[in-house]
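To keep things clear, I will list the structure first and then write my remarks on it.
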């Protein structure tokens, strides 16, 4: 009978010791992750918004704006639409994040309308260049350049707005994670397993 009691007590002791060791290992792993998270959290606000926006943007970055004057009509049309769509996607992401976007959606619609007009002209542009350039006015490439730069400005503004909206969420996550790590470490120090993670 005494040997049975000793076996039971030994089993209970081993279970408790195993629990304490497991809690200590979990706390140590969480603390490492917390340190890594803390080091990277400052830049995460900008990175997260840009990452979300980049998933919605075209895969290929717009070509350098400085070379617009030498572009063929097909390339000018392609790059112009890519820039307009990138700006529109960034504004949509900013809106979904709850950012203050002001008149950016309206500017996107205007960009789209202007791009549609230029697209029609580029479709019928003669090989030797636009008539406007020959007459001394703004060439089609100059106007495409304006659209590209305007779209880039809208895209940049939308990403900055989305980042500002994301920043409080990142700080809240950082604070909650710090509290949870402290709770786990405190529980491990008392030799008791931590409570359940909050749902």
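So the values come out like this:
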item	result
Filter result for residue 166 (part of a helix (DSSP H, G or I), in contact (Cβ under 8 Å) with a residue 12 or more places away in the chain and farther than 20 Å from residue 85 by Cα)	yes
Condition met for residue 126 (outside any helix (DSSP H, G or I), at pLDDT 80 or above and either more than 23 Å from the chain's Cα centre (by Cα) or farther than 24 Å from residue 69 by Cβ (or both))	yes
Candidate set: the range 146-182, residues that are buried (at least 21 other Cβ atoms within 10 Å of the Cβ) and either over 23 Å from the mean Cα position of the chain (by Cα) or at pLDDT below 85 (or both); chosen: the one farthest from residue 104 (Cα to Cα)	166
Verdict on residue 99 being part of a loop (DSSP other than H, G, I, E, B), at pLDDT below 95, closer than 22 Å to residue 165 by Cα and within 28 Å of the chain's Cα centre (by Cα)	yes
Candidate set: the range 14-29, residues that are surrounded by 12 or more Cβ atoms within 10 Å (Cβ to Cβ) and more than 18 Å from residue 180 (Cα to Cα); chosen: the one nearest to the chain's Cα centre (by Cα)	19
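The values are calculated or read from the model by the stated rules, or taken from the named source; none is laboratory data. Because the structure is a prediction, the values reported are computed rather than measured. In this analysis, Cβ positions are derived from the backbone assuming ideal geometry, glycine residues included, and neighbour counts consider all displayed protein chains.
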